[in-house]
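As structure tokens, the structure follows; a few thoughts come after it.
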Amino acid sequence: MIIKVVNPNTSADMTALVERSAKAVAAAGTTVHAVSPAMGPESIESHYDEALSVPGLLAEVAAGERSGVDGYVVACFGDPGLDAARELAAGPVVGIAEAAMRTAAYLGRGFTVVTTLSRTRGRAWELAERYGMRGLCRGVHACDIPVLELDPGALDLVTAACARAVEEDDADAVVLGCAGMTDWAAPIASAIGVPVVDGVQSAVLTVQALVEMGLRTGKRDEFAVPPPKRYAGLLRDFGH
């Protein structure tokens, strides 16, 4: 089985981090490969960034289809381009926000999300609503640390933010709201005493399970392959 993890931003350091985390939970016989697109924003911290990350993401999914990839992970907590990627891919495509929220729902009556900048909180609430998690999501909190500044020195600040969120929301679990936090779930959980869910590993395991069960996105209607047409300008190579 081959799982391709697409980090929709162009940060090579974050992609390497995501790949290490993803490989740590993959089963024997599962090959995990993480990539960044050739084009797009260095980090995704706005609706503008998210929109412009999608063409590069879709190019990576299309390349994966040509090379025999079995399933995909979209490794950004905004789950950008998820529906479009599901149209292109024969196998399952899972976003880390959806995977993390669904995983957290197994662990208690309610969870809280701790993300990066406050301007991204609205997107997290939208996704909770979309995924049917609005009743379980007790709150969305920002630690106000930019994505590219999530270095080891920021761990204590994020841990403190998670502890405050649990107390304020009376939450049973924490969802980490950025792929750049992927290796912090265990240390934060140890420090604050509640389960902490990372979306990268949750999504990899979800894709792996779906492929093992022979399940894929339904292609009967909405998620059928897009109808062929020409694209112009910078998007001319996206026509098919």
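Every number here is computed from the coordinates shown, using simple stated rules; none is lab data. Quick caveat: nothing in here was measured; it's all calculated off a predicted structure. Using ideal geometry, Cβ is built from the backbone for each residue, glycine included, and neighbour counts are taken over all protein chains shown.
Quick notes
- Inter-site label distance for L157 and A38 at 7 Å from Cα along Cβ, in nm: 3.6
- For the stretch 1-93, applying the loop criterion from DSSP together with a ceiling of 13 other beta carbons within 10 Å to the chymotrypsin sites (Phe, Trp or Tyr not before Pro) yields no site.
- 11 Å beta-carbon shell around A12, net charge (K/R +1, D/E -1): -3
- Backbone N under 14 Å from the E167 label point (7 Å along Cα→Cβ), restricted to the stretch 177-202: 192-193
- Placing dummy labels 7 Å off each Cα toward the beta-carbon, the span from Y231 to R119 is 2.5 nm.
- In the chain the longest region clear of GluC sites (Glu not before Pro) that are loop-assigned by DSSP and have at most 16 other C-beta atoms within 10 Å covers 43-221.
- With both labels modelled 7 Å from their Cα along Cα-to-Cβ, the A191 to L148 distance reads 2.4 nm.
- Neighbour-limited loop hits for chymotrypsin sites (Phe, Trp or Tyr not before Pro), the stretch 185-240 (at most 13 other Cβ within 10 Å; DSSP other than H, G, I, E, B): Y231
- From its DSSP helices (H runs of at least four residues, each -39,500 (n - 2.57)), the chain gives a residue-normalised ellipticity at 222 nm of -13000 deg cm²/dmol.
- Restricting the trypsin sites (Lys or Arg not before Pro) of the stretch 107-209 to loop positions (DSSP other than H, G, I, E, B) with no more than 14 neighbouring Cβ atoms within 10 Å leaves R109, R134.
- Contour excess over end-to-end distance, with Cα ends at R66 and E212 and 0.36 nm allotted per residue: 50.5 nm
- Annotation: amide H of A142 within the under-5 Å range of T115, sequence separation 5 or more or interchain, hydrogens built in the peptide plane.
- Only lysines eight or more places from K4 in sequence, or on another chain, were considered; those with a Cα closer than 25 Å are K23, K219.
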